[in-house]
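The values are calculated or read from the model by the stated rules, or taken from the named source; none is laboratory data. As the structure is a computational prediction, the values presented were derived from the model and not from experiment. A quick note on method: Cβ atoms are made from the backbone with ideal geometry, for glycine too, and the neighbour counts reach across all protein chains shown. For accessibility, only protein heavy atoms count, side chains too; no ligands or nucleic acids. Shrake-Rupley method; radii C 1.70, N 1.55, O 1.52, S 1.80 Å.
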Amino acid sequence: MSLIKKAIDWGTRKSPWIIHFNAGSCNGCDIEIVDALTPRFDLERLGILQRGTPRHADILVCTGAVSLQTKDRLKQIYDQMPEPKFVIATGTCACSGGVFDGCYCVLGGIDRVIPVDVYIPGCAVRPEAIISAVVKLLGALEAQQKGGGKDAERRSDYSTVGREIQSFEG
Amino acid sequence: MLLGLGKILIFPGFLFLTVYSLLFEYLDRKVYARLQNRMGPPWYQPLADFLKLIGKEVIIPAEANKTMFQVLPVISLSAVAAAFIYVPVLGKEAIASFEGDLIVVLYFLTIPTMCLFLAGWYSRGVYATVGSVRTLTQLFAYEVPLFMALLAPALIAKTWSVTGMTAFFAEHPLYILINIPALFVALVAAQGKLERVPFDTPEAETEIVAGPLVEYSGRLLAIFRITIDCELVMIASLVSAIFLPFMTGNIALDFVLYLVKTVAVLLFLALMRSVMARLRIEQMVNFCWKYLAPIAILQIVINLLVRGWLGL
Ligand code: SF4
């Protein structure tokens, strides 16, 4: 039994499929995400694939300060993803609201709506920072799986995995 | 009895098929990546994807038909596995064969496509429905050329069994030259059957998200993915059994030859996938009926003439 679980854990670490959602960003960060998916950075080396549908995805990569219009949609997309799932907040806006903080129409950060696992500051973030964040998320996940991975109730703690702010000097 | 069961379940049957199909997916993605000047995924990537999907939560949409939603992936996988029994892997002999198994194999290969259509239909999503209707439209376009292209060599071999055709063409390898247009038609139509670029309109991820599989998650998606990989192996084996049956007579060598031939077919399909862009659905239907079907009919006429001329 534990062998099967180990195999599944290994698979989870080796094949993160992402879905990208724009929660009211200025589009700068989105272009950087698209940039990170180009052949130049070759994310398939790490097993990362971009999927169109939340049902296939493991990691939700969000950008933007969550405008009131996108709030419900963001929640809905998150709910549609199957467990275990992770969220990466990409860009200063997604972390804290950034330049839009205090604006009447934004909530100011992804974590006001859904739990976030990794924050990547930067305006706009660099593709290297996004890749590094995914690798750190997977590293933290591995530590978590190796550490307290004996009960089946691993899902509930996933939302706190690797809750760390990482900065990237590019 | 036990030996037969072992052959069907382990080698060269189901277990071999799944392992080889994971390897095939890796090769396909690696070649695709190398042609795009990338490194590509590591060798264990398809296995990791499969294991991950097995471990994920299965979500069934509230409006979907629960039974059909869960049964369809299993049916399609078993249809492909059943078809694989009739294709020669070790030498000239398939695990089982009878006169007319070519037709059975072709119909078994239609089942996964139908399952894909039903899967999209029963998921009740907008994207899934659009995708499944496209799957069905595409089926009508490539199925006829594919059938005709695979049946044309049967006219020369004068047998309707895959094993019989392999044996015939292995004895008379030069007849293969006549069938080159049919080989071309079969490869292009196979690309349509497998829903790969340029015929991936049904699952076009940039316009209709993921087509019929949009609502699938977890192990149901894993089974569907492995079905598609197995179908790839199946088509490659079928094409190499019918069109490239060069044999040495030694079982081990023949098996190596089988691997070489199927990988060659895969390389061709991967090349086609990398250098082309997606067609619209009506372009695809037009292409199949305007060019592929006439070539296949021409092939049948040629084969009939050759047969009469040589007095076979
Ligand atoms: S962090 Fe900067 S680039 Fe990114 S969405 Fe906000 S304003 Fe745009």
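Counting, for every residue in B:234-245, the Cβ atoms of other protein chains within 10 Å of its Cβ and taking the mean gives 0.
Here's how it looks for residue B:91: its modeled amide H is under 5 Å from those of B:255, which are all 5 or more places away or on a different chain. In order along segment B:147-163, phi translates into HN-Hα couplings of 4, 5, 5, 7, 7, 4, x, 5, 5, 6, 6, 6, 8, 9, 10, 4, 4 Hz, rounded to whole numbers, per the Karplus curve 6.51 cos²θ - 1.76 cosθ + 1.60 with θ = phi - 60° and x for Gly and Pro.
Would you kindly calculate the mean projected area, averaged across all directions, of the convex hull enclosing the Cα atoms of segment B:33-192, in square nanometres?
12.6
Buried area at the A:B interface is about 2400 square angstrom, summed over both chains, from accessible surfaces computed with a 1.4 angstrom probe. Summary of packing: across the peptides B:273-286, A:10-23, B:201-214, the per-residue average of other C-beta atoms within 10 Å ranks them, highest first, as B:201-214, A:10-23, B:273-286. When the listed pairs A:136/B:30; A:5/B:7; B:158/B:193; A:6/A:136 are checked against a 23 Å cut-off, the alpha-carbon distance exceeds it for A:136/B:30; A:5/B:7; B:158/B:193.
Using the average count of surrounding beta-carbon atoms within 10 Å as a protection proxy, the listed peptides A:31-44, B:54-67 rank, highest first, as A:31-44, B:54-67. Once both axes come from the Cα atoms, what is the angle between helix B:293-310 and the longest principal axis of chain B, in degrees from 0 to 90, rounded to 10? Compared with the principal axis, the helix lies near 20 degrees.
For chain B, the longest principal axis of the alpha carbon atoms and the long axis of helix B:45-55 meet at an angle near 50°.
Against chain A, whose longest principal axis comes from its Cα atoms, helix A:2-14 is set at around 30 degrees. With a 10 Å cut-off around each Cβ of A:42-50, the average count of Cβ atoms from other chains is 5. With a 10 Å cut-off around each Cβ of B:204-213, the average count of Cβ atoms from other chains is 3. With only Cα atoms counted, chain A has Rg and Dmax values of 15.5, 52 Å.
Calculated FRET efficiency, residue A:99 to residue A:45, Cβ-Cβ distance, R0 = 25 Å: about 0.15 to the nearest 0.05.
Accessible-area loss of 10 Å² or more (1.4 Å probe, protein heavy atoms, chain alone versus all protein chains) is found in segment A:7-35 for A:7, A:8, A:10, A:11, A:12, A:14, A:15, A:17.
Per atom type, the protein assembly as shown shows carbon and sulfur on 65% of its accessible surface, probed at 1.4 Å. Sorting B:256-262, B:112-118, B:246-252 by their mean Cβ neighbour count within 10 Å, with the most densely packed peptide first, gives B:112-118, B:256-262, B:246-252. Ellipsoid semi-axes for the protein assembly as shown, based on the Cα gyration tensor and the rule √(5λ), read 46, 23, 20 Å when sorted largest first. Per residue, the solvent-accessible area of segment B:1-117 (1.4 Å probe, heavy atoms of protein chains only, all protein chains present) comes to 46 Å².
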